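K.L.:
Just passing along the structure, written as structure tokens.
All of the numbers you see were taken from the coordinates with simple rules; none came from a lab. This is a predicted model, so every value here is computed, not measured. FYI the Cβ positions are ideal-geometry reconstructions off the backbone, even for glycines, and counts take in every protein chain you see.
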Amino acid sequence: MKLHRINALLFRHLYLYKRSVPRLMDIFFWPVVELILWGFISLYLGRFNMNGVNIVTVLLGAIIFWDILSQSQRAVSVAFLEDVWERNLLNIFVSPLTISEFVVATVLLGWVRVMMVGVVMGILASALYHLNIFQFGFSLIPFVMNLLLFGWSAGLFATAIILRYGTAAQVLAFSLLFLVQPLSAVFYPVSILPIGAQWIAMLLPSTHVFEGMRAVIATGKVPYANLGWAFLTNAICLFLSIVYFSHMFARVKEEGRLIKLD
């Protein structure tokens with residue numbers, strides 16, 4: 001694995017953002033619209049004083065965390081799709097670039113996107129709703145790390161599906177996480193789900209992250225049980241995603257379908 005090849009691919013994607021309005025909208029416009037919409041809904045609900053719960057902090061925190069998760073997932077899968085759309089995939093892989101370097105570069109791209117979204121949404125949340133996301137110090141950092149890991153796992157899985165079924169499955173690059181959102185307890189505690197659904201939800205790293213986030217906001221303390229389960233389930237998801245992606249890539253390459261991917 002060579003660092004200069006990873007940097008080259010990373011900057012190749014970043015240069016596209018300079019003159020691409022749709023790409024910039026995906027990073028800034030839609031997350032900001034979502035933050036404003038849910039921010040005003042949170043202010044409205046906050047008037048009802050729901051058992052002393054700071055509903056504004058809880059909902060806006062959930063929105064910011066959800067955008068971090070979705071940006072990290074889309075950075076991996078959409079970066080792959082862009083090369084497919086531009087018929088550039090074969091050009092990349094006839095170069096010395098390895099598949100591991102390609103994955104690392106897209107993961108780093110996800111990190112850059114998340115940092116930009118986090119800064120913009122944090123500033124807006126503070127300016128519009130007086131929400132300081134840094135008030136909890138380092139307590140939320142491990143949960144943000146878990147969101148990034150789960151996003152990368154989901155991105156690799158979506159990319160593997162696209163490799164297997166072609167661009168007919170490209171909708172997964174944008175909607176995969178919405179399939180698990182109801183079970184991830186983003187805006188409500190997992191306890192309100194049916195018992196069977198609760199067992200399934202506990203297999204998702206995102207569930208433990210959002211449950212832990214609410215606990216940090218409510219108590220100011222890190223719920224280590226949630227954090228431990230998040231890291232454990234993330235390790236399993238990441239391992240399975242890497243294995244599945246590697247298998248699909250090797251299969252497509254062996255069958256000569258990489259050049260025909262459409």
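K.L.:
Enumerate the calculated ³J(HN,Hα) couplings along region 235-246 in order (Karplus 6.51 cos²θ - 1.76 cosθ + 1.60, θ = phi - 60°), each rounded to whole Hz, writing x wherever the residue is Gly or Pro.
P.N.:
Karplus values, whole Hz, x for Gly and Pro: 4, 5, 4, 5, 4, 5, 5, 5, 4, 5, 4, 4.
K.L.:
What is the order of T167, T106, fewest Cβ neighbours within 10 Å to most?
P.N.:
T167, T106
K.L.:
Where Rh denotes the Kirkwood radius from the mean inverse Cα pair distance, what is Rg over Rh for region 179-262? List each step's numbers first, then the result.
P.N.:
Details: Rg = 17.6 Å, Rh = 14.8 Å.
Rounded to two decimals, Rg/Rh equals 1.18.
K.L.:
What are the ³J(HN,Hα) values, in whole Hz, obtained from phi via the Karplus relation 6.51 cos²θ - 1.76 cosθ + 1.60 with θ = phi - 60°, for each residue of region 100-109 in sequence order, with x given for Gly and Pro?
P.N.:
Rounded to whole hertz, the list is 5, 5, 4, 5, 4, 5, 5, 5, 5, 4.
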